[in-house]
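Note sheet for the following structure.
The values are calculated or read from the model by the stated rules, or taken from the named source; none is laboratory data. Predicted model, so just to flag it, every value in this text is computed and none were measured. Using ideal geometry, Cβ is built from the backbone for each residue, glycine included, and neighbour counts are taken over all protein chains shown.
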Amino acid sequence: MWKLIALIFLFAAVSEFCVALNENCVNNSDCVPQEKSVCKNEICTCDSLWYYLDEQGKCVKYATEYGDICYESKQCADFLGHHAQCVNNVCSCESGFRWYKGQCVKYAKKNEPCDSTDTICMDLDNPLALTCGNSSICECSDGFYDRADGCRLKAVVNETCAIFNDCFPKTSLFEDKTITSHCELGVCVADPGQVITELNNTKNNVDLVLDQLQSEDFDIFDDVCLEGNLTAFTEEQCNNCPKTLFFKNSECICRQGFFLHEGKCIAELGMPDITRTNFNVSDCPIRPGSYSNGACYCRSYWFQDGTNRECTKTTLQYTDNCMTNEWCKAMGNYAYCDSATQKCVCSSQAVFNETSFYCNLKEDADWTGLCLSDSECALYETCVDEHCQCTEGFYRPSEESLCLPKIGSSCEVRNCSHINHAECSEDDECRCESLDYATDGLRCEKYSTALYEECVFKEQCSNLPHASCLLDDSAPENSTSRCLCADDYVDKEQTCYLRKYPGSLCTTKMDCTIILGDSFECRNMLCQCPIGSSLNQDVCVKSAAASSSLNIHTLALVGLFVLLRH
């Protein structure tokens, strides 16, 4: 009988624990949720959207968009396709390729040959800036002008501009004259002495020719497709809608060239959206943008980022103001935003040309240890003042270390083993291993339970009201920090009370007596001596006059009592 009871208890104990990958199971709840595993054929194995990576010893997720976190290129290839790679733990395209219209395409820069059918001419900041010329060499597109390593959009009077060279002469259609202008406050303003009689601006006419995708590739779009809400799709609808696909026969995601925005799949910059039949310049969901050739592109003098999902503002020549390095692209590829002045400046490896407002690379440039964009830095790093620095929530324990997560930051790629008493939670966040531990973001230490206990940081003392982690002056030779009452507070019976002085504000008698002693009282909301007492060496004592008066009254009462008895 006792053996049966023991087996029952043993089964109950075992059932409370999850089993690891490749171990036997009955249902999904048996498998460890942190390992992203499910029970298949009575074995805990990786979920369909995940696969086992020996190097990491865990399940890793297939990438489902450009820029996803990764450990190896295999994670990226199924979605990004050929020429995808994993660099700095981020899915991107191989060198010489760029993510555009839902794939990694081989591109050529200005003045490079474009005679190959699989190569397109592309300016990385503006896909419309280059075209393949008659001589099969990449050159500036119509409406763009040649400037150093790239091409910039031409502007005429009353049109948007960013630098002085953007403004070009405009020939009047109704008068035999040319109108010259200059860039002022972001607009081409007519030069002095010129009269403008023609204000029509035809530059932003939209060409509605659809590119690449054709609507006959898909079934007639129903309301579900047009609504675009992934949660409403069945597997069949997901595969038949032009913006979505049922990935790994497991989940409906946005198709290549589209991304999830407010619950719907919208086209990336440059990707035609064939579900739309009418386009207005202001309809582009990525702001600030406009439609051209049936696709959304950034507005004039805004730059397209590497993900094709954002338009980056540009600095103006007369201000040089900036918030990020990307703002400084108006000065070329070798400029950055100085974090101290918030002004665009040339790299230490470049020289500024005032005439062209351009940073020209030095002949002996050395980029060792330097950066100009976040893409040149490792995961969880950003490029600040030409050097890679840890992003918020991460830090380097040493100069040679990678940026590791603080408590509260993601441990999806890098675990929390560098912090004692920390663990990676089910939702991939570094946390202290129990609620008994306090944290300053960098460490996990036990909470102090009483005053004068040793501490490392102030959060350990947070359970003790009005206490903080301070250096113990009573033992300066030891340099020991303890939980002590903060300034203006004093310890009374292991509790920190606000320090009181004669005349301090109060609401109850205890406010005064706990610090000043029982001789004080709270009168008129001030800690004072009782009437008939005076302060003597921080103690209230009865005054001599009061004592004499009391004695006289006492004698009088005694005399009256004696007379009444007789």
Inset, instruction - Return yes when LEU435 is outside the structural domain of TYR334 (by TED's automatic domain parsing) and either crowded, with 20+ Cβ neighbours inside 10 Å or hydrophobic (A, V, I, L, M, F, W, C) (or both) and no when it is not. - result: yes
Inset, instruction - State whether one or more residues within the stretch 387-400 are closer than 21 Å to ASP320 by Cβ and part of a loop (DSSP other than H, G, I, E, B). - result: no
Inset, instruction - Name every residue in the stretch 153-179 that is under 25 Å from CYS359 (Cα atoms), free of Cβ contacts under 8 Å to residues at least 24 places away in the same chain and outside any loop (DSSP other than H, G, I, E, B), in order of residue number. - result: CYS167
Legend entry - Candidate set: the stretch 367-395, residues that are surrounded by fewer than 16 Cβ atoms within 10 Å (Cβ to Cβ) and modelled with pLDDT under 95; chosen: the one nearest to CYS430 (Cα to Cα): ALA378
Inset, instruction - Answer yes or no: is there a residue in the stretch 418-429 that is surrounded by 19 or more Cβ atoms within 10 Å (Cβ to Cβ), in the same structural domain as GLU381 (by TED's automatic domain parsing) and closer than 28 Å to TYR62 by Cβ. - result: no
Legend entry - Candidate set from the stretch 301-334 (those that are assigned to a loop (DSSP other than H, G, I, E, B) and aliphatic (A, V, I, L, M)); member that is modelled with the highest pLDDT: MET323
Legend entry - All positions within the stretch 500-525 that are closer than 21 Å to ASP487 by Cα and outside any helix (DSSP H, G or I): LYS500, TYR501, PRO502, GLY503, SER504, LEU505, CYS506, GLY517
Inset, instruction - Please go through the stretch 396-413 and pick out each residue that is touching an Asp or Glu at 6+ places or on another chain (Cβ under 6 Å) and at pLDDT 95 or above. - result: CYS403, SER410
Inset, instruction - Just need a number here: residues in the stretch 86-132 that are acidic (Asp, Glu) and in a strand (DSSP E or B). - result: 1
Inset, instruction - Name the single residue, out of those in the stretch 229-252 being touching a residue at least 24 places away in the same chain (Cβ under 8 Å) and over 15 Å from TRP50 (Cα atoms), that is farthest from the chain's Cα centre (by Cα). - result: PRO242
Inset, instruction - Please specify each residue of the stretch 335-379 satisfying the condition of being in a loop (DSSP other than H, G, I, E, B), among the hydrophobic types (A, V, I, L, M, F, W, C) and touching a helix residue (DSSP H, G or I) at 6+ places or on another chain (Cβ under 8 Å). - result: PHE357, LEU372
Inset, instruction - Within the stretch 372-381, identify whether any single residue is free of Cβ contacts under 8 Å to residues at least 40 places away in the same chain and more than 16 Å from the chain's Cα centre (by Cα), and answer yes or no. - result: yes
Inset, instruction - Determine whether the stretch 436-449 contains at least one residue that is among the hydrophobic types (A, V, I, L, M, F, W, C) and not in a loop (DSSP other than H, G, I, E, B). - result: yes
Inset, instruction - Could you tell me whether ASN353 is buried (at least 17 other Cβ atoms within 10 Å of the Cβ) and more than 28 Å from ARG255 (Cα to Cα)? - result: no
Inset, instruction - Filter the stretch 278-328 down to residues that are touching a Pro at 6+ places or on another chain (Cβ under 7 Å) and over 21 Å from GLN256 (Cα atoms) and give me whichever is surrounded by the most Cβ atoms within 10 Å (Cβ to Cβ). - result: TRP302
Inset, instruction - Go through the stretch 91-120 residue by residue and tally those that are buried (at least 17 other Cβ atoms within 10 Å of the Cβ), over 27 Å from PRO169 (Cα atoms) and in contact with a Cys (Cβ under 6 Å, 6 or more places away or on another chain). - result: 7
Inset, instruction - Please specify each residue of the stretch 28-80 satisfying the condition of being among the small types (Gly, Ala, Ser), surrounded by 15 or more Cβ atoms within 10 Å (Cβ to Cβ) and over 22 Å from CYS430 (Cα atoms). - result: ALA63, GLY67, SER73, ALA77
Inset, instruction - Output the residues belonging to the stretch 414-428 that are touching a residue at least 24 places away in the same chain (Cβ under 8 Å) and touching an Asp or Glu at 6+ places or on another chain (Cβ under 9 Å). - result: ASN420, HIS421, CYS424
